[in-house]
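As structure tokens, the structure follows; a few thoughts come after it.
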Amino acid sequence: MAATTQQYVYPDQDEIRIEAVLAALADPVRLDMVRQLAESGTEISCSGFDVAVTKSTLTHHLRTLREAGIIMGRQQGTARYNSLRRNDLDDLFPGLLQGVLAARR
């Protein structure tokens, strides 16, 4: 059953599928966002991502990453924060995230 934090819905760990993860990471903007989360080592607010896309496109990319199980989001007041589900991904697909993040840009 999918977990929920405020209005965000994301898959439980056992519902994350490799096909969805790879499809989400295939987009260069989403991959860059995941890299930013990994490098920060903490949460990033929606407005804190350094990407050259409109707000609506950013929202789409965040939803895609969340629905694939790559990130989780939470709301605090009017700010929305996103974090990488690194432990879940590493447990399910050992070495995948590390390899993707280490790939040449």
Problem - Pairs with Cβ under 6 Å, 6+ apart, first in the stretch 91-105 and within 17 Å of residue 23 (Cα to Cα), second aliphatic (A, V, I, L, M) and open to solvent by less than 100 Å² (accessible area, probe 1.4 Å) - result: 92/16; 97/89; 100/25; 101/38
Exercise for the section: Enumerate the pairs (first residue in the stretch 55-81 and more than 20 Å from residue 21 (Cβ to Cβ); second residue anywhere and assigned to a helix (DSSP H, G or I)) with beta-carbon separation below 7 Å, excluding pairs fewer than 6 apart on the same chain, so at least 6 apart or on different chains. Expected result: 80/46
Exercise for the section: Being assigned to a strand (DSSP E or B), of a type outside the set (Gly, Ala, Ser) and in contact with a helix residue (DSSP H, G or I) (Cβ under 9 Å, 6 or more places away or on another chain) is the filter here, so list the residues in the stretch 70-86 that pass it. Expected result: 71, 72, 80, 81, 82, 84
Problem - Checklist (1) open to solvent by 60 Å² or more (accessible area, probe 1.4 Å); (2) in contact with a strand residue (DSSP E or B) (Cβ under 8 Å, 6 or more places away or on another chain); (3) at pLDDT 95 or above; (4) not in a helix (DSSP H, G or I) applied to residue 94, failing item - result: (2)
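The values are calculated or read from the model by the stated rules, or taken from the named source; none is laboratory data. Computed from a prediction, not measured in an experiment: that's the story for all the values here. Ideal geometry is used to build each Cβ from the backbone, glycine not excepted, and the neighbour counts take in all protein chains shown. Side chains included, ligands, DNA and RNA excluded: accessible areas come from the protein's heavy atoms. Shrake-Rupley method; radii C 1.70, N 1.55, O 1.52, S 1.80 Å.
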